[in-house]
Amino acid sequence: MELVKLSINGNEVEVPAGTTILKAAQQMGIDIPHLCFEDGLSSVGACRLCVVEVKGARSLVASCAAAVAPGMVVETHSPDVMEARRTILDLLIANHPLDCLTCEKAGECKLADYCYEYGVKESTFKGEKHAYLLETTNPFIVRDMNKCILCGKCVRACDEVTGQNTLDFAYRGFNAKTTTAFEDELVESDCVFCGQCVSVCPTGALTEKQMHGKGRRWEFQRVKTTCPFCGTGCNFDLCVKDGEVIGVSSNPSSVVNGKALCVKGRFGWDFVKNEKRLTTPLVKKDGEFVPASWDEALDLISTRLAGIKEKYGPDSFAALSSARCTNEENYLVQKFTRTVMGTNNVDHCART
Ligand code: FES
């Protein structure tokens, strides 16, 4: 692998050729602000917040889209860079509703975080503001295009991760917006409601409807879990407040799926609150299921299985497992079947 040596903030670093300046800096623990860059998506250099000073370059360089070069000398936080970033943030909030007190994204808004970091309180540019209507007609995603900063991450996520191509840019200049074909509402479009766009949106433009009004982001306890809906085994975080599941958030460290989820995994979690869920074992007595303790149910099962094995032999037993179980649960099913029941009659719905 070809390595490239360069200097960032006075320190030498060696990274593989083709690495962007942003990534090389991250490797050194230097955090360069970025709004339109997202790991796993193509870099388009749209927001310019990641600009850095490169010695010899005629202008500031977007570090998310520029590859390192041998001998490059980079300054990530020089006075010129800081001033440029302040101006970019100033421009970004020029027509952004500053309703942070009630914004659903408060606590997780990258625009607000950077404005705080760079001391940008309000825009010095006065002018027209957008007044788009909120789109709330689907059960999953609320779109507030007044808060869109046109970073285009939703467009790229829909194209490059989901492959659905539901979103794109329309119009130009002040009227530019991300929207669907013919500006249909999501529910009328090709959207499959995977929520990938929501997971990458850096502002309150796209939010999870089910989580609206349920609490602030910093109040949520994040509990990493495995999706129960299919055998893919996607991981995500359950957002829990006061012991109650409020919603689901992508966990980028998930090895199976990264930030990607499908509609069931991201939005189908409310079954956990269904009143019809079984909360205790049921044992059939006189043709009726009646609640029983775990001890009673397990005793009954072991007695019956032992009786069947003794009377008809181990091969009279077979276990069918499910892709909805975790690997660990499926492992236990086959272990039980082979070592306790003494048969290899075990199968799984995802085998074929
Ligand atoms: Fe580099 Fe937006 S993060 S231009």
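The values are calculated or read from the model by the stated rules, or taken from the named source; none is laboratory data. Note that the structure is a prediction, hence the values are computed from the model and not measured. Positions of Cβ are generated from backbone atoms using ideal geometry, with glycine treated the same way; all protein chains shown enter the neighbour counts.
Could you grab me the full set of residues in the stretch 1-34 that are within 29 Å of V255 (Cβ to Cβ), more than 14 Å from the ligand (Cβ to nearest atom) and of a type in the set (S, T, Y)? Residue satisfying the conditions is T19 alone.
Table: residues versus (1) of a type outside the set (F, W, Y); (2) within 30 Å of D113 (Cβ to Cβ); (3) part of a loop (DSSP other than H, G, I, E, B).
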{"residue": "F229", "(1), (2), (3)": "no, no, yes"}
{"residue": "T232", "(1), (2), (3)": "yes, no, yes"}
{"residue": "D237", "(1), (2), (3)": "yes, yes, no"}
{"residue": "G258", "(1), (2), (3)": "yes, yes, yes"}
{"residue": "L261", "(1), (2), (3)": "yes, yes, yes"}
{"residue": "K264", "(1), (2), (3)": "yes, no, no"}
{"residue": "K284", "(1), (2), (3)": "yes, no, no"}
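Which residues, taken from the stretch 213-272, are aliphatic (A, V, I, L, M), under 11 Å from the mean Cα position of the chain (by Cα) and closer than 17 Å to A106 by Cα? The answer is V248, and nothing else. When I88 is tested against the conditions (1) of a type in the set (A, V, I, L, M); (2) outside any helix (DSSP H, G or I); (3) surrounded by 14 or more Cβ atoms within 10 Å (Cβ to Cβ), the lone failure is (2).
Taking each residue of the stretch 1-15 that is closer than 16 Å to S63 by Cβ and looking for partners that are of a type in the set (S, T, N, Q) and in a strand (DSSP E or B) with beta-carbon atoms closer than 9 Å, six or more apart or interchain, yields V13/S7. Quick check: is even one residue across the stretch 116-126 surrounded by fewer than 17 Cβ atoms within 10 Å (Cβ to Cβ), at pLDDT 95 or above and on the phi < 0 side of the Ramachandran plot? Yes, there is a match, as at least one residue in the stretch 116-126 is surrounded by fewer than 17 Cβ atoms within 10 Å (Cβ to Cβ), at pLDDT 95 or above and on the phi < 0 side of the Ramachandran plot. With respect to being within 15 Å of the ligand (Cβ to nearest atom), among the polar types (S, T, N, Q), modelled with pLDDT of 95 or more and surrounded by 13 or more Cβ atoms within 10 Å (Cβ to Cβ), S78 falls outside the description. Looking at the structure I just gave you, is L98 of a type in the set (A, V, I, L, M) and more than 14 Å from the ligand (Cβ to nearest atom)? For L98, the condition - of a type in the set (A, V, I, L, M) and more than 14 Å from the ligand (Cβ to nearest atom) - is met. Exposed (fewer than 13 other Cβ atoms within 10 Å of the Cβ) and under 28 Å from the mean Cα position of the chain (by Cα): is that true of D39 in this structure? Against the criterion (exposed (fewer than 13 other Cβ atoms within 10 Å of the Cβ) and under 28 Å from the mean Cα position of the chain (by Cα)), D39 qualifies. All of V290, V255, V283, V263 fail the test of being of a type in the set (A, V, I, L, M, F, W, C) and modelled with pLDDT under 95, apart from V255. Restricting attention to the stretch 119-148, the residues that are assigned to a loop (DSSP other than H, G, I, E, B) and aliphatic (A, V, I, L, M) total 4. Within the stretch 157-176, the set of residues being surrounded by fewer than 22 Cβ atoms within 10 Å (Cβ to Cβ) and over 22 Å from A131 (Cα atoms) comprises D159, E160, V161, T162, G163, Q164, N165, T166.
Scanning the stretch 35-66 for residues that are away from the ligand (no atom under 13 Å from the Cβ) and in a strand (DSSP E or B) yields E53, V54. Within the stretch 180-229, track down each residue that is of a type in the set (F, W, Y) and surrounded by 14 or more Cβ atoms within 10 Å (Cβ to Cβ). Once the filter is applied, which keeps residues that are of a type in the set (F, W, Y) and surrounded by 14 or more Cβ atoms within 10 Å (Cβ to Cβ), the stretch 180-229 yields F193, F220, F229.
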